[in-house]
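Report on the structure given below.
The values are calculated or read from the model by the stated rules, or taken from the named source; none is laboratory data. On a predicted model such as this, the values are computed, not experimentally measured, just so you know. Virtual Cβ from ideal backbone geometry, glycine too; neighbours counted across all protein chains shown.
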Amino acid sequence: MRVLDEIEEFTKSMPLNYEFSTSWFKNTLSKQYSRSTGSYIPSDYCYNRKNKGINYDKQPHYFLYLGRNRYRYVGKDYVYNGEVEENPRKSLGIL
């Protein structure tokens with residue numbers, strides 16, 4: 001099963017408007033599907049946040065980003081008309 005399929009399946013059991021942390025999301029999915037926690041990036045599936053390297057228009061959205069490591073599950077059919085923040089991935093370059 002693909003990561004995307006796992007997240008799709010997992011969100012079906014989440015209550016609407018459920019707030020959660022990044023670590024809860026990653027750890028819960030990792031335990032359920034026996035995959036590395038690094039495979040699950042909730043910000044890749046946000047309505048109001050766009051990560052570099054993710055095709056925002058093709059990626060399904062389930063969450064609202066609330067602030068550092070905090071999200072709210074709003075569902076796949078949520079109507080979002082607000083701003084979309086661009087979030088580039090951190091570089092590992094040495095200064």
Exercise for the section: Kindly check whether there is at least one residue in the range 36-48 that is surrounded by fewer than 10 Cβ atoms within 10 Å (Cβ to Cβ), part of a loop (DSSP other than H, G, I, E, B) and of a type in the set (A, V, I, L, M). Expected result: no
Exercise for the section: Could you tell me whether Pro60 is within 10 Å of the chain's Cα centre (by Cα), exposed (fewer than 12 other Cβ atoms within 10 Å of the Cβ) and of a type outside the set (S, T, N, Q)? Expected result: yes
Exercise for the section: State the number of residues belonging to the range 20-35 that are among the charged types (D, E, K, R) and surrounded by fewer than 13 Cβ atoms within 10 Å (Cβ to Cβ). Expected result: 1
Completion exercise
Selection from the range 29-49 of residues of a type in the set (D, E, K, R) and touching a Ser or Thr at 6+ places or on another chain (Cβ under 9 Å) yields Arg49
Handout entry: Of the criteria (1) closer than 16 Å to Ile7 by Cα; (2) touching a residue at least 12 places away in the same chain (Cβ under 8 Å), which one Ser30 fails
Key = (2)
Problem - Hey, Ile54 part of a loop (DSSP other than H, G, I, E, B), at pLDDT below 95 and within 12 Å of the chain's Cα centre (by Cα) or not - result: yes
Practice task
Give me a count of the residues in the range 57-90 that are under 21 Å from Glu6 (Cβ atoms), among the hydroxyl-bearing types (Ser, Thr, Tyr) and in a loop (DSSP other than H, G, I, E, B).
Solution key: 2
Fill in the blank from the handout: Per the list (1) in contact (Cβ under 8 Å) with a residue 24 or more places away in the chain; (2) more than 22 Å from Val84 (Cβ to Cβ); (3) in a helix (DSSP H, G or I), residue check on Met1 breaks on (3)
